[in-house]
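**Q** Before we start, here is the structure in question, set down as structure tokens.
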């Protein structure tokens, strides 16, 4: 289906307060190290099923907590001809990713953090993770697609659409600061302030159809500004960040140059 990536490695998660990471499972060979044969076999088996989210029957584009530990024991990489089963699993994973990409008025955009395992529609995660377009998880999906050596027209279209969406939904003239708050449990409070010189920033979640940033407490009610939600979720989750910045400034231009003559026609 597509060219395998020259190297595949999931990023560590540094911007989720609870340590959950965000990278779709995909691989072309698993080399078992430190006696992790059984873990590697289980990981390979999971690849064929597109990594359903724990307990909810959804395809979760974030790695589950167990996969974080698995990364320490299993190195994923291509070596010569890929293992057939792993190659098939990888291709099914890419097909799943392409089917999950959300269309709004017929136009491809980005991805939700979770998708239905049967019909690929966006689905909610935890109570404060509503159905939405993700400004964070979508970056890692785009990175994976960009890692393919010979992207198909469908993969290239998905990348171009995601990049266009990242550019369209960037937020300018604001930044998040930690304001001292001695009454707060953490001694600070996150607030959004105006700053004309601030670099573009992105919301973690955007409302599908309007592209309005959404924020949420554990009650599951969408709000439209960080200040509208309570202290606990406001300061315990990464609602705004710079996730697409490096991709737009470095990754995408490099991908365009690298794949100019390597795409599958």
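**Q** Going by average Cβ density within 10 Å per residue, which order do the peptides 130-140, 247-257 take, highest to lowest?
**A** On the way: 130-140: 24.6, 247-257: 15.2.
So the peptides 130-140, 247-257, ranked by packing, come out 130-140, 247-257.
**Q** Is the shape of region 168-216 best called rounded, prolate or oblate, per the rule: a/c under 1.5 gives rounded, else a/b larger than b/c gives prolate, else oblate, with a ≥ b ≥ c the square roots of the Cα gyration tensor eigenvalues?
**A** Values: a/c = 4.04, a/b = 1.58, b/c = 2.55.
Oblate.
**Q** For a distance above 23 Å, tell me the whole-number percent of Cα pairs in region 157-246 that qualify.
**A** Details: 1141 of 4005 pairs.
It works out to 28 percent of all Cα pairs.
The numbers here are math on the coordinates, done by the rules we state, and not lab data. What you see is a predicted model; the values in this text were computed from it and never measured. We place every Cβ from the backbone using ideal geometry, glycine too, and count neighbours over all the protein chains shown.
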